[in-house]
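Novice: After the structure tokens below, expect a handful of questions from me.
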């Protein structure tokens, strides 16, 4: 679905995916939409959409507080667990990077592999590789950014690697883009090297360490054309901006002598880059298809005195996480975090939601999780360095298995718990191509009052809703939907359910399978629809019906005799059809509050008891052959 105008979001009721306050991006997904990383991503991917800030493709209305029963996934602690972790073995990951293979390169203390993130108020589900792969079927997932996002990319590949036979997976490297393909699922998990997101003199995937960094602050197309058609995009950019100022080029790297150069300080140059990135997203992203995420800053651990260590030391030799809750090191920049927050907030006001995956606090505890000296070194280590290992320790990236394996699943765990997807009146347009099958707990799906389409297959997405066995409300009213109602509507839910289809342009007959909705409490099909044929007698099986609105549908024939079993009806509107015969006397004992049979072809005597004695509750005008009863 594409979006026009402002958009609002109701989100997850059970869990808060983003820690309110940490980034200032607060939203209590009473239940929606959100699509967040390997968990998030999955979630995203499981739906498209998540919890506290992940799938905001839906209502856009944000709230500052989570429900009283909510769980902040990012408020917790690391717990040592050598029984269920690690989630995979380093040597068994086919595509492990030597930069991250700490055990292979001599690390003996392997406890960094056994820490499990434990939120204070809930438990995280164990990662499920087949489920993630299934949710990625026929999709393209692209990580865009620097080596820390590549770290996350390799983590995700290792998480799913063991679930794919060797003959059904491949890896292809082509310059800046690396593509892992799960052939059986027709899915790709890709990484695109673009450390500053924009064009820069650091764009070479191998030779990118230059002393005088230059960025074209208004140029992104060179990179963006490689991932424009992705289904899921996960961006990051932070580490390469960590300097007091940067040289900006207005011009071309092909003709550098003709360009205009200016040195711009942080955070201004970072803000300028984010604005260019945001403008590109707003113009080029297919909002009907692509899910967008932004990874928060991954903290470094280069100053041990910040966590109580010896001044001048760093992560080298560390074997335990920081145990002090709410610990904040010096590896992140609050000013840059606020810059990201501001840009994402502006995008949201313009109807484009980029979900934040906030791994910062969670990762800040893990001072021992870095490769340190235990990795492949592409340059010769000097004797001076060997005598002082901290001088060549990598305290930026993460050993695998390790922290990134949790950063991904933590975010995703929520999407499958989504219970309400509400985009009522949000001006989305186009076809609904969301697969709701990954939301087994979905209770409410409200797409009402959006100009979604007029095509023959507009309701095909209902097929995926048959997996939502707890669904209670399906509101598609006033969406200009076309086509016919698929037979799968009869398999929607065994729960008490409200079905609202009024104000569309649906045609054809009502599927007989509707009689399977034995707990249907409300059915609205009035206005603008062009149904034909007889009212299905199977509706008489929906004995829980309280509200039935079928006005103006061109139904023919008589009122089904099976309706006599609908004794719980409170409101019945069959007006402006072509119904004929006598008004059924079986309606007399019903406790109807309103009964509208006007403008049909009923004939004969009007019943005189029950609702037929209440002139304010009854309307029978426009039936020229009726006699007796109450005249309106």
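The values are calculated or read from the model by the stated rules, or taken from the named source; none is laboratory data. Bear in mind the structure is a predicted one, so any value in this text is a computation, not a measurement. Don't worry about glycine lacking a Cβ; one is built from the backbone with ideal geometry, like all the others, and counts go over all protein chains shown.
Novice: With the requirement that a residue be over 12 Å from the mean Cα position of the chain (by Cα) and at pLDDT 85 or above, what does region 287-301 give you?
Specialist: Hits for region 287-301 are 294, 295, 296, 297, 298, 299, 300, 301.
Novice: Okay, next question. Yes or no: residue 558 more than 17 Å from residue 499 (Cβ to Cβ), modelled with pLDDT under 90, in the same structural domain as residue 495 (by TED's automatic domain parsing) and surrounded by fewer than 19 Cβ atoms within 10 Å (Cβ to Cβ)?
Specialist: For residue 558, the condition - more than 17 Å from residue 499 (Cβ to Cβ), modelled with pLDDT under 90, in the same structural domain as residue 495 (by TED's automatic domain parsing) and surrounded by fewer than 19 Cβ atoms within 10 Å (Cβ to Cβ) - is met.
Novice: Return the total of residues in region 233-255 being touching a strand residue (DSSP E or B) at 6+ places or on another chain (Cβ under 7 Å) and more than 17 Å from residue 149 (Cβ to Cβ).
Specialist: Of the residues in that region, 8 qualify.
Novice: Let me ask something else. In region 362-389, which residues are assigned to a helix (DSSP H, G or I) and surrounded by fewer than 21 Cβ atoms within 10 Å (Cβ to Cβ)?
Specialist: Hits for region 362-389 are 383, 384, 385, 386, 389.
Novice: In the set 141, 87, 132, which member is in a strand (DSSP E or B), under 29 Å from residue 165 (Cβ atoms) and in the same structural domain as residue 202 (by TED's automatic domain parsing)?
Specialist: 141
Novice: If you scan region 505-536, which residues turn out to be over 20 Å from residue 556 (Cα atoms) and surrounded by 22 or more Cβ atoms within 10 Å (Cβ to Cβ)? Show your work before the answer.
Specialist: So in region 505-536, the residues over 20 Å from residue 556 (Cα atoms) come out as 516-522.
Answer for region 505-536, where residues must be over 20 Å from residue 556 (Cα atoms) and surrounded by 22 or more Cβ atoms within 10 Å (Cβ to Cβ): 517, 520.
Novice: So residue 172 passes all but one of these: (1) part of a loop (DSSP other than H, G, I, E, B); (2) touching a strand residue (DSSP E or B) at 6+ places or on another chain (Cβ under 8 Å); (3) within 24 Å of residue 90 (Cα to Cα). Which condition number does it fail?
Specialist: (1)
Novice: Right, another one. Quick one: is residue 82 under 20 Å from the mean Cα position of the chain (by Cα) and modelled with pLDDT of 50 or more?
Specialist: Here the answer is no, as residue 82 does not meet what is asked.
Novice: Now for a separate question. So residue 185 fits all but one of (1) crowded, with 20+ Cβ neighbours inside 10 Å; (2) closer than 20 Å to residue 148 by Cα; what number is the exception?
Specialist: Of the numbered conditions (1) crowded, with 20+ Cβ neighbours inside 10 Å; (2) closer than 20 Å to residue 148 by Cα, the odd one out for residue 185 is (2).
Novice: Of all residues in region 318-337 being in a helix (DSSP H, G or I) and surrounded by 14 or more Cβ atoms within 10 Å (Cβ to Cβ), which is farthest from the chain's Cα centre (by Cα)? If you could, list the steps in order and put the result at the bottom.
Specialist: Residues of region 318-337 in a helix (DSSP H, G or I): 334-337.
With surrounded by 14 or more Cβ atoms within 10 Å (Cβ to Cβ) added as a condition, the list becomes 336-337.
Numbers: 336: 25, 337: 22 Å.
Going through the qualifying residues, I end up with 336.
Novice: Within region 605-623, which residues are touching a strand residue (DSSP E or B) at 6+ places or on another chain (Cβ under 8 Å) and exposed (fewer than 14 other Cβ atoms within 10 Å of the Cβ)?
Specialist: Listed by number, the list holds a single entry, 605.
Novice: Can you find a residue that is crowded, with 21+ Cβ neighbours inside 10 Å, in contact with a strand residue (DSSP E or B) (Cβ under 6 Å, 6 or more places away or on another chain) and closer than 17 Å to residue 149 by Cβ anywhere in region 218-232?
Specialist: yes
Novice: Scan region 86-105 and give yes if some residue there is at pLDDT 90 or above, in contact with a strand residue (DSSP E or B) (Cβ under 7 Å, 6 or more places away or on another chain) and buried (at least 16 other Cβ atoms within 10 Å of the Cβ), otherwise no.
Specialist: no
Novice: Within region 402-515, which strands (runs of 3 or more DSSP E) (wholly inside it) include 3 or more residues that are farther than 30 Å from residue 75 by Cα and modelled with pLDDT of 80 or more?
Specialist: Of the strands (runs of 3 or more DSSP E) lying wholly inside region 402-515, those with at least 3 residues that are farther than 30 Å from residue 75 by Cα and modelled with pLDDT of 80 or more span 473-475, 497-500, 505-508.
A quick yes/no check of all residues on (1) in a helix (DSSP H, G or I); (2) modelled with pLDDT under 90:
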{"residue": "526", "(1), (2)": "no, yes"}
{"residue": "548", "(1), (2)": "no, no"}
{"residue": "564", "(1), (2)": "yes, no"}
{"residue": "576", "(1), (2)": "no, no"}
{"residue": "592", "(1), (2)": "no, no"}
{"residue": "598", "(1), (2)": "no, no"}
{"residue": "621", "(1), (2)": "no, no"}
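Let's see how each residue does on (1) at pLDDT 95 or above; (2) crowded, with 19+ Cβ neighbours inside 10 Å:
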site	(1), (2)
149	yes, yes
155	yes, yes
167	yes, no
172	yes, no
175	no, no
179	yes, no
